[in-house]
Amino acid sequence: MAEHELNAEGLNCPLPILKAKKALKGMDAGDTLKIRSTDPGSVADFAAFCTHTGNELLSSSSEGDIYLFEIKRS
Amino acid sequence: MLDDSTDNAKSMSIIVTKGSLDWAYPPFILATTAAAMDMKVTMFFTFYGLPLLKKKLNMKFSPLGNPAMEMPIMGGHMAMPNLLAVMPGVGGAAGKMMKNLMKQKGVASIEDLREASVDLEIRMIACQMTLDLFEYKAEDMIDGIELGGAATYMETAAKSDINLFI
């Protein structure tokens, strides 16, 4: 299972979600995507995105001003 | 689940009626996000929303008649009285300021969101009546769009889970 990374720092709504979708599309089922974002709104948005699309949100955390997400592609 | 366009996938339609720089955002943000969330999305561009399909976008912004618009300036907020907003050059300057602010805050450009809409296979319909009324040509518009009227929209809206008018 491959691990992919996406740096969405400095991007505002809806770009982190759109970039994540694009990245997930190019991945295989079971692969994980690690995302870095500076948009505080992305915390609620990635949770909602995963709930709706069925991709699994493995973790959601923050380090200072950076928000970190780990999504497993369904 | 990600790319399956199954019959039970949710769907959304949006009627896009406004084409100024600020009003172009809500429909494109919601449409691209819904499509990224595997929803089937249809956008119907009518009246002042139609120019958003032109090959060369030239969106204007006006603070005129918009008393709720406040720009962040030096730690505070400033609204613009109509009397000032009608002065020559003020609208253009406000538009430039808005574009700079958006760039600075990492907000996508409408050009980028429209390109994402095409990539996400959002169905875009140009209102034929508006095309005729304002004398636009289909060839002035971007590729991949459809032409249609109210019935085309209603047929889609009748089976959509979400229908918005913006």
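Rule-based calculations on the coordinates, nothing more; no lab input. All of these numbers come straight from a predicted model, not from anything done at the bench. Methodologically, a virtual Cβ is constructed for each residue, glycine included, from the backbone with ideal geometry; neighbour enumeration extends over all protein chains shown.
Given a cut-off of 25 Å, name the pairs among A:LYS21/B:LYS40; B:LYS99/B:LYS159; A:LYS25/B:LYS18 whose C-alpha atoms lie farther apart than that in the structure shown. Could you put the intermediate results ahead of the total?
Values: A:LYS21/B:LYS40 15 Å; B:LYS99/B:LYS159 37 Å; A:LYS25/B:LYS18 32 Å.
Distance filter (> 25 Å) returns B:LYS99/B:LYS159; A:LYS25/B:LYS18.
Along the Cα-to-Cβ line of A:GLU5, 7 Å from the Cα, sits a label point; which residues in the stretch A:36-67 have backbone N less than 14 Å from it? So the set is A:36-37. Sorted on the mean count of surrounding Cβ atoms within 10 Å across their residues, most packed first, peptides A:11-23, A:42-54, B:81-93, B:9-21 read A:11-23, B:9-21, A:42-54, B:81-93. What separates the Cα centres of the stretch A:29-74 and the stretch B:123-166 is a distance of 35 Å.
Residues whose amide H falls under 5 Å from that of B:SER13, counting only those 5 or more places apart or on a different chain, are B:THR42, B:ILE162, B:ASN163, B:LEU164, with hydrogens built in the peptide plane.
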